[in-house]
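The block underneath contains the structure these notes are about, expressed in structure tokens.
The values are calculated or read from the model by the stated rules, or taken from the named source; none is laboratory data. Predicted model, so just to flag it, every value in this text is computed and none were measured. Cβ coordinates were reconstructed from backbone atoms using ideal geometry, including for glycine residues, and neighbour counts include every protein chain displayed. Side chains are part of the model used for accessible areas, which takes the heavy atoms of the whole protein and leaves out ligands, DNA and RNA. Shrake-Rupley method; radii C 1.70, N 1.55, O 1.52, S 1.80 Å.
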Amino acid sequence: MRQIILDTETTGLDPDQGDRVVELGCVEVVNRELTGNNLHLYFNPDRDSSPEALAVHGLTTEFLSRHNRFKDEAQRIAAYLEGAEIIIHNAAFDTKFLNAEFARAGMPTVNSIAGLITDTLAMARERFPGKRNNLDVLCERFDISNKHRILHGALLDAELLAEVWLAMTRGQFGLLIDETGEQGTQKKMTDILALDTLILPVIRPSDPELQAHQEYLDALDKTAGKTCLWRELA
């Protein structure tokens, strides 16, 4: 499945109050590689952005008035997103706006156009409970440079989120994942690597390391008030 990392900028916070999408940025990922087949559009929202939103994205009414309206690009957007896993940070916000825009164009919701919608904010909250998990914080956490992010921009934020998502999910993809060959046949890495012929070094712990391990187990016993499972199994 294609993954599309998606972000929007809007005139405000609530499409039910007439706020509109003013920018859409999409970054395509296939087999965990950025393809460069991105989609970036500005839209004329036929209204001003709120002062708070304008301070975030800097897209003036004059600039946006020179671009197409969302409904003029809706078919193109739907064709680009169709069947893909769409990855969004705080998906509820963006999908609500996109669904409102597609409804104005007489089209289905983004939820029905996509194959799947994944919320990286929910993923981050599960992985880092009780911590801040906005995009800037995640960039810092995963050592991803965002120094060029002076204002929010849909494409820029989608590009940063793509790097964050790849970093967040790196542990889910090991050496033994399936690969697709040139003819579309599925091969496993175990078919490519003769694992039984590999000679792997055995690194034994030093005496200080063994002592530290025993002290750690002693602390576990004391905390649990009984012999820890490690020692029971040993």
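Brief remarks on what is shown
- Descending principal axes extents, the stretch 1-118, alpha-carbon based, whole Å: 40, 27, 25
- Taking the chain as a Gaussian network of alpha-carbon nodes connected by springs under 10 Å, the highest mean-square fluctuation of the residues Ile88, Ile203, Ile77 belongs to Ile203.
- Think of it as helices only: each DSSP H run of n ≥ 4 in the chain is worth -39500 (n - 2.57), and spread over all residues that comes to -12000 deg cm²/dmol at 222 nm.
- Gyration tensor analysis over the Cα atoms of the chain returns equivalent ellipsoid semi-axes of 45, 25, 16 Å (largest first, whole Å).
- Protein-only accessible surface order, largest first, of Glu33, Glu23 at 1.4 Å: Glu33, Glu23
- Heavy-atom accessible area, probed at 1.4 angstrom with all protein chains present, ranks Lys222, Lys71 as Lys222, Lys71, highest first.
- Surface per residue (accessible, 1.4 Å probe) for the stretch 5-148, Å²: 51 Å²
- The stretch 215-234 and the stretch 30-66: distance between their alpha carbon centers, rounded to Å: 56 Å
- Highest to lowest packing among 60-68, 39-47, scored as the average C-beta count within 10 Å: 39-47, 60-68
- Residue of Thr223, Thr169, Thr120 that the Gaussian network model of the chain assigns the largest fluctuation, springs spanning Cα pairs under 10 Å: Thr223
- From most to least packed by mean Cβ count within 10 Å, the peptides 126-135, 90-99, 205-214 give 90-99, 126-135, 205-214.
- Sulfur and carbon atoms: percent of accessible area, the stretch 26-142 [1.4 Å]: 48 percent
- Cα shape, the stretch 48-171, gyration tensor, a/c 1.5 rule: oblate
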